[in-house]
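Contents: one structure, followed by commentary.
The values are calculated or read from the model by the stated rules, or taken from the named source; none is laboratory data. What you are looking at is a predicted structure, and each value in this text was computed from that prediction instead of being measured. FYI the Cβ positions are ideal-geometry reconstructions off the backbone, even for glycines, and counts take in every protein chain you see. Ligands, DNA and RNA are excluded from the accessible area calculation, which covers all protein heavy atoms including side chains. Shrake-Rupley method; radii C 1.70, N 1.55, O 1.52, S 1.80 Å.
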Amino acid sequence: MLWFLAALGTSFCFGVSSTLFKWGATKGLSTGRVQFFYYGIATCLVLAYGILRSEVEMTLLSLSIGGIAGALNAYGNLQMTKAFQKGPASITSMIIAANVVLGIVATAIFFPESLSIWHWSGIALLLGSTAIVQRLPEKGNHVEHRSWLLHCTFALISIGLAGFFLKIASEYKIDFFSTLVALFAGGWIFLSITSYKELKHTFIRKQELYIGALAGLTMAAGYSLYLYSLNAGSASIVFTVISLNALVVVIASVILFGERLKAYQIMGLIIALVGLTLTKI
């Protein structure tokens, strides 16, 4: 069950990086620059590691699939950070974590898997817990609320599609490290283009570099575990377990940002733990 532990590790890494992005948003840091440093540092780390181990074999297919996944992920992260600026981190992260549904549905259509009734029950409970903990912020400002919801939706779709492209890479046995390098490089190039004016004409704060670097370290480890778990395990379960990264953000939001959980949200966390147990049977 190493792949299952890898999926849990991925979930934790993703949760930590999302918390870092939320922290940056509360400090008024530039979204584009933090993400730019994050993808750039992650690219260098993964590429250096792959070269040292002589495991990087770049092909047109790995560059294409990894690059598309990276651009989608970068766009999703930008939208997620903007959503953090307009709404509570705990609820925002749980809504975006529903991107797992896209991965599961796409996998069921293109790469059918045989899962037991216990596994499907666990997946249902995990998805149900995501729905339970969601609570929209107050609608005192209709425009802000609509903007927040749009950012959440765009992030959900984009990150979900990125995960499906990684599943394609694992299904066709595309080189692990080349896909990972292409993913981060694709995100870096995407941000270099879309955030060019922001990167060129505004002052760079040290905190943006520090947060981006720390997120890059965390996500380099997280995506390494992600691809390993997709290669070795059941994609439907992997996608679902990784969605638990939102629970990490929920807990961090309570501790770091003073957000308070309602009774039904605590119940959602308990249901998520039950669902996680069932997926291991």
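Of the residues Glu171, Glu57, ranked by 1.4 Å probe accessible area with the largest first, the sequence reads Glu57, Glu171.
For the set Leu161, Leu217, the ranking by accessible area, highest first and with no ligand, DNA or RNA atoms included, is Leu217, Leu161 under a 1.4 Å probe. The figure for Lys173 is an accessible area of roughly 150 square angstrom, using a 1.4 Å probe on the protein chains alone.
Considering helices alone, the calculated mean residue ellipticity of the chain at 222 nm is -27500 deg cm²/dmol, with DSSP H runs of length four and up weighted by -39500 (n - 2.57) and normalised per residue. The label-point distance for Phe110 and Tyr172, in a model that sets each label 7 Å from Cα toward Cβ, rounds to 0.9 nm.
Summarising the amide proton neighbourhood of Phe111: residues at separation of 5 or more, or on other chains, whose placed amide H is nearer than 5 Å comprise an empty set.
Computed from the C-beta positions of Glu259 and Ile193, the FRET efficiency with R₀ = 41 Å rounds to 0.75.
Estimated at 0.36 nm per residue, the fully extended path between Ala232 and Gln207 surpasses their Cα-Cα distance by 5.3 nm. The accessible area of His145, taken with all protein chains in place and a 1.4 Å probe, comes to roughly 20 Å². Screening the chain for DSSP H helices whose Cα atoms reach 18 Å or more along their own axis and whose mean Kyte hydropathy is at least 0.5 gives 2-26, 31-52, 117-133, 142-171, 176-194, 206-232, 263-279. Measuring between their Cα centroids, region 222-272 and region 1-60 lie 17 Å from each other. Can you give the FRET efficiency for Ile117 and Met267, using 1/(1 + (r/R0)^6), R0 = 30 Å, r = Cβ-Cβ distance, to the nearest 0.05? E(calc), rounded to 0.05, equals 0.80.
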